[in-house]
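The values are calculated or read from the model by the stated rules, or taken from the named source; none is laboratory data. From a predicted model like this one, the values you see are computed outputs, not experimental measurements. So basically every Cβ, Gly included, is an ideal-geometry build from the backbone, and we count neighbours across all protein chains shown. Side chains included, ligands, DNA and RNA excluded: accessible areas come from the protein's heavy atoms. Shrake-Rupley method; radii C 1.70, N 1.55, O 1.52, S 1.80 Å.
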Amino acid sequence: QLQLVESGGGLVQPGGSLTLSCHPSATIFSISTMGWYRQIPGKQRDLVAEFTREGTRNYAVSVKGRFAIFRDNAKKMVHLQMTRLRREDTAVYFCNIHSSSGAYWGRGTQVTVSS
């Protein structure tokens, strides 16, 4: 069964940086959107950043100017570069890919921003 594999999470001090990466365990065809979501316990999963169907980047207001989403089309990878991290960025981050064959989610990677 196809899975999305995430990496790059961890513990970082406020103001620091991390880059998350995601790749599928098998080939995905006809990708429409690729993005990252995050979730804290007891809350809903929220969009952080994504590439839309039109190929444009879309960011949550809280991360604009601090986070950047990149993709490698050949490898079907998507990355999230996070800078100037804040304590409120602490969450489990999930990779998401929508394609003609359905929606796929990673298992999540923990990002903790703490001194």
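A few notes on this one:
- Take ILE31: with every protein chain present and a 1.4 Å probe, its accessible area is about 50 Å².
- The distance from the alpha carbon centre of region 74-115 to that of region 1-55 is 3 Å, rounded to a whole number.
- For region 44-60, Karplus couplings with θ = phi - 60° (6.51, -1.76, 1.60), whole Hz, Gly/Pro x: 6, 7, 10, 5, 9, 7, 7, 9, 7, 4, 7, x, 8, 8, 10, 10, 5
- Each residue of region 100-115 was assigned a 3J(HN,Hα) from its phi angle through the Karplus expression (A = 6.51, B = -1.76, C = 1.60, θ = phi - 60°), giving 5, 9, x, 9, 10, 10, x, 7, x, 10, 7, 10, 10, 10, 7, 9 Hz with x at Gly and Pro.
- The accessible-area ordering, largest first, of the residues HIS79, HIS98 stands as HIS98, HIS79, per a 1.4 angstrom probe.
- Debye intensity ratio in log₁₀ form over the Cα atoms of the chain, taken at each q of 0.13, 0.18 Å⁻¹: -0.45, -0.86
- GluC sites (Glu not before Pro) within region 4-101, DSSP loop, no more than 14 other Cβ atoms inside 10 Å: GLU54
- In the chain, excluding the sites themselves, the longest stretch lacking any of the trypsin sites (Lys or Arg not before Pro) that are in a DSSP loop with at most 14 other Cβ atoms within 10 Å is 1-42.
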